[in-house]
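Report on the following structure.
FYI, it's all coordinate maths here, none of it is from the lab. Quick caveat, the model's predicted, so the values are computed rather than measured. Every residue, glycine among them, receives a Cβ derived from its backbone with ideal geometry; neighbour counts consider all protein chains shown.
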Ligand code: AHR
């Protein structure tokens, strides 16, 4: 019998160890977490978002019966200078049925019988008399599930809002706007939300997806990316200021992942969602350079990376500083006032700010990162800036990233890696060797390249090493979080979904089991394995000082059973009953039982994970 010892001493674990990485990739935001049901609501889609897209994508001109007229897309008198496209229905004869437009949502609008949907749109009557308008939810054959009517009399843009309650369940309904007068009707910013959003927020998140994310118990949430943050050119760098304020005045943007961002899920909504799920916000801003993997003409050192010109850097740095004021400043400050105007006078308690994402470590990057870092440190010394170690877990960029971080004494560095399960099993000791005097690590993106059980279990084994090294690994987040079936830019992901369902992966349950069972102290030397299989067996023991609970996590990534003994005596006085949660492939979800636990002998099935929660007497 040999003893597998998994650490050297008791030590404190980061309170923010396990969190989530949200990127607007694979329709994670529009058509995903953001509960808006109308696609292309402000007619701003273009061919540069996605080949073939245009202001009428997801819309259809709907002349009905004998109605006669025409539809045009206009830009002459927009609702807002940031939202330039709108449509005009020019009606010469409304017939009996009228004429209008239909929206098909994100491949269908899902509605449920008895539920209310909140409609809002802007309209103006440009010519003719009063314009009666009917907006209905219906199926493609024309059966109406619910509708609302109003008269448009104003020559100027005016917002109309109403609730529509439907009488049928349909996963693929559409929204039809029909005008029944003679004259010209302009329409823009057509929006439809389920009344039931996550936590009932207006302009909120999908209730089921929001809940699935909340159930991960994340200590923090990183947003909005990923590569989305630095974009594929300077113009595509994510600009947080474009994403706040009235929805109709926000600046839509092409998504680096080849679709369109309405930015209705913008910085205010991100902060609010973090608060709603009890996660610390971790916004990531570009280090004033774009993604090195972009096409086009190279500006920095022969890579695809482009940098904000030096003459514009002060303005960019000011944007970064303004974000901290927006999150934390008093409601009387310039940017704090905008937060308050959005309905949140209290601060959002921003503690972390990421600068850069997987950037190529060029001199252009270093110069810009250094400028931004010094400015944030000087004005907001209380903010922990997160730097970046480049795109890989090793190599030239990684070394250079660490060199910059060490030189500047940046408190936290973001490491990313996507590797095979074998890598995660073999590299369990990676952080045992890290120099504790240097920056702490945020593993901002990692995954073992698959959603099979071996992937989930290898990540679980690795996560025990993150707890063991919770003094130097400050934060970690699996990536990416969300992906819409049929629209994935990236695989694997943690949670798949479609318009009506949420499909958590085995990897999800591993993340959940770790985050729901954290401790603040790591306890070593209380486990004995009956044989040493160091690359397939992994374990951690942590204590939650608040409750006195001791939590043991045991991972067997090998095919055969293993015996484990817990030295219960070394853990102090404990109740005789424990909660034991097992995750195995055949069950697909974790199963918890309350059981007698006085001997500490355990048989760990091959390919399984156990979490044992022992309570203080
Ligand atoms: O998580 C998907 C992508 O992987 C991120 O956008 C990027 O940072 C990484 O390369």
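Can you tell me the mean projection area, over all orientations, of the convex hull of the chain's alpha carbons? Units nm², please.
Here the figure is 29.4 nm², rounded to one decimal.
Averaging sequence separations of C-alpha pairs under 8 Å and six or more residues apart, then dividing by the length of region 59-194, give the relative contact order as a whole percent.
Dividing the mean separation by the residue count of region 59-194 yields 34 percent.
May I ask what percent, to the nearest 5, of DSSP beta bridges between residues of the chain are antiparallel?
Here the antiparallel bridges make up roughly 75 percent for the chain.
In nm, give the distance between the simple-model label positions of residue 72 and residue 211, each being 7 Å from the Cα along the Cα-to-Cβ direction.
Output for this residue pair reads 4.9 nm.
Simple spin-label model, 7 Å along Cα-to-Cβ: residue 50 to residue 437 in nm?
The answer from the label model is 5.3 nm.
For the residues 467, 44, 81, what sequence is obtained by ranking on other C-beta atoms within 10 Å, fewest first?
81, 44, 467
So if R0 is 25 Å, what FRET efficiency would residue 331 and residue 81 give, r being the distance between their Cβ atoms, rounded to the nearest 0.05?
0.40
Express the relative contact order of region 520-616 as a whole percentage, based on alpha carbon pairs under 8 Å and six or more residues apart in sequence.
For region 520-616, the relative contact order is 33 percent.
Just check region 129-215 against the gyration tensor rule for me: Cα atoms, a ≥ b ≥ c as the square roots of the eigenvalues, rounded for a/c under 1.5, and otherwise prolate or oblate depending on whether a/b exceeds b/c.
oblate
Rounded, prolate or oblate, given the Cα gyration tensor of region 460-546, with a/c below 1.5 counting as rounded?
Taking the square roots of the gyration eigenvalues as a ≥ b ≥ c, region 460-546 is prolate.
Relative contact order for the chain using alpha-carbon pairs under 8 Å, separation at least 6, rounded to a whole percent?
Answer for the chain is 15 percent.
Could you give the length gained by full extension between residue 64 and residue 591, i.e. 0.36 nm per residue of separation minus their alpha carbon distance, to one decimal place?
Length difference between fully extended and current span is 184.2 nm.
Rank these for me by crowding, 16, 549, 525, going from fewest to most other beta carbons within 10 Å.
Ranked by crowding around the Cβ, least crowded first: 525, 549, 16.
Rounded, prolate or oblate: which fits region 489-606 when a ≥ b ≥ c are the square roots of the eigenvalues of the alpha-carbon gyration tensor, with rounded for a/c under 1.5 and prolate only if a/b beats b/c?
prolate
Based on other C-beta atoms within 10 Å, arrange 274, 174 from fewest to most.
174, 274
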